[in-house]
1. On the rotation axis linking copies A and B, which residue of A comes nearest by its Cβ, and by how many whole Å?
2. Normalise the Cα radius of gyration of chain B by 2.2 N^0.38 Å (N = residues in it) and let me know the number.
3. At residue B:89 and residue B:57, where each label point lies 7 Å from the Cα along Cα→Cβ, what is the point-to-point distance in nanometres?
4. Output the Kirkwood hydrodynamic radius of the protein assembly as shown, Cα pairs only, in Å rounded to one decimal.
5. GNM, chain B, Cα, under 10 Å: largest mean-square fluctuation among B:47, B:150, B:297?
6. I want the antiparallel fraction of DSSP beta bridges within the protein assembly as shown, as a percent rounded to 5.
7. Say R0 is 51 Å: what FRET efficiency, to the nearest 0.05, do residue A:3 and residue B:250 get from their beta-carbon distance?
8. Quick one: Cα centre-to-centre distance for region A:194-210 and region B:203-244, in angstrom?
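The values are calculated or read from the model by the stated rules, or taken from the named source; none is laboratory data. Just so we're clear, the structure is a prediction, and the values are computed from it rather than from any experiment. Positions of Cβ are generated from backbone atoms using ideal geometry, with glycine treated the same way; all protein chains shown enter the neighbour counts. The accessibility values were calculated without ligands, DNA or RNA, using every heavy atom of the protein model including side chains. Shrake-Rupley method; radii C 1.70, N 1.55, O 1.52, S 1.80 Å.
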Protein chains: 2
Amino acid sequence: MSLDKPVIAVIGAGALGGYYGARMIQHGFDAHLFSPSDCAAIRRDGMRIHSRDGDFSLPPKELRVYDDPRQMPAADLVVVTLKTTANHRLAELVGPVVKNDSIILTLQNGLGNEELLGDLFGPEKIVGGMAFVCINRIAPGEISHTDHGMIRIGEPLGAAAARTRKIAGIFRQSGIPCEAIDDLARGKWDKLIWNLPFNGLGAALDRTTDQLIGSKEGLWLVRRLCEEVIAACRPLNIQFEFNVTEEKIRHTQTMGAYKTSMQIDRQLGRPMEIEAIVSRPLRVAEANSVSVPYMSMLCNMLSVLDSLIAK
Amino acid sequence: MSLDKPVIAVIGAGALGGYYGARMIQHGFDAHLFSPSDCAAIRRDGMRIHSRDGDFSLPPKELRVYDDPRQMPAADLVVVTLKTTANHRLAELVGPVVKNDSIILTLQNGLGNEELLGDLFGPEKIVGGMAFVCINRIAPGEISHTDHGMIRIGEPLGAAAARTRKIAGIFRQSGIPCEAIDDLARGKWDKLIWNLPFNGLGAALDRTTDQLIGSKEGLWLVRRLCEEVIAACRPLNIQFEFNVTEEKIRHTQTMGAYKTSMQIDRQLGRPMEIEAIVSRPLRVAEANSVSVPYMSMLCNMLSVLDSLIAK
């Protein structure tokens, strides 16, 4: 394994993976992108990135993009950015690029992804992380990066290690803010404090983030759900500053009319990431007898919507 | 006042009022219909009723329909079937047909209508009631009555009186099942056990009643909200059979793919009857310190949707 001159595979180069992969390629890394839906368009037209950190394009000859992971080289660093709704296909989609000494970094939403990948490929291979960014795919190969944001990565089984810091360095050398953290679980729940209310309500009500915080009723809902996420992880000895909810709301005010990925999935009739973002946190709360009625109601409402999308 | 040969005014002849008014006219009553939106179409084309109890049509010459209540005769019996979202206009819309000895029967949804009308016209004039039916207006002057159902009417200030039974008789003589009941408040909450979950969830999720009860998550939501309505009125000494929730669900299974009026309002971008159907029951629960988190969440979600419809 070499993280000094790594072969990188980005599995799931949609909005998030497409942006990170393009930034890595722009900065000279040997990154290979698995993007079944956009492969043909990217091979023909390349990629166009509209970013607050500077627009750029990549012509087809600079891009290695695939619609079949079995055609990809084995990778030193595997970055998994698949929707969690594809997690039943992890073996098939991630497996072909994994070798004995691969490191697998999952930047997927919500809870449970490190465990699923660890079960499949060995827990020692897994690094987890959270991306705090606003990125939308607006067309095949065309990505809009509207809000700055940080990737935080950490070890599922302990504090940040040399490899964690090296991976963070690869992102930073690609122009992507990234830091290694010592408490991945806390980072996951920190992201859920935002992700669960805004993805959940955004999808359930089909409303953008500014619409959700634009009325006292919307703010009430956001605050109750934030408080429940904070309460849900307290039995895990994960605690936050008293004003974390208001900080999340304040940050949301800077984001404008942002459509969360789950709202977009709802609008497009795609399966929503309910399991990773809402159901798993709910089950943690229930397992510890924490009362989370709003989370329960949200989860059930989203499931009703999702089951009817699938029909 | 004469309820033997009454002049009847139906204020708000949409789906419900249009159907009842048409049935009264069909059976020889002197009913006058206020229907501002459909007046021109009904004067030109009459009314067409598709009903499980028999289809029928009324030609224009048999119909007295108005777009201005000031052109209507004063009425012995005023039947108010306006949406509660028009309750800020009750003085203007109902006032012109009220005389000293009018009886005003409100069949509007939810809580608070008897009080509002009593404040305006005198509480001694007011009779309240609930319509348990499935009626939709499918075009101007065209109404679909898809499920049988009963009107129950009662006195806001006591048990059923002679006038209550006479009014019930007028409905029955018009082919509309109707009974006088001795406990109007209980009847109102009985209807809310169905109305709050199915209108509320139907609108919040934009789903028909069969879709709501078609998954275990939807049933979970319906049951939690039914239980909260039952709990909310217990401090008022209103109690129900232990199996009332399951009875409501069983009846809903017979209704097919029914769109509640609140779902239709949401789809058409019209204001929803949140105040009468959800907010007032919620405030009763809160005033009696009954915990109703699901009702709170539903109310706030609907308000977010409603505030953005209005924009």
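1. Its Cβ sits closest to the axis: A:293, 2.
2. Values: Rg = 18.7 Å, N = 311, 2.2 N^0.38 = 19.5 Å.
It is 0.96.
3. Between residue B:89 and residue B:57, the simple spin-label model gives 3.0 nm.
4. Numbers: mean 1/r = 0.0366 Å⁻¹.
Radius from the Kirkwood sum: 27.3 Å.
5. The residue with the greatest mean-square fluctuation here is B:297.
6. Bridges in the protein assembly as shown are about 30 percent antiparallel.
7. 0.20
8. Between the Cα centre of region A:194-210 and that of region B:203-244, the gap is 24 Å.
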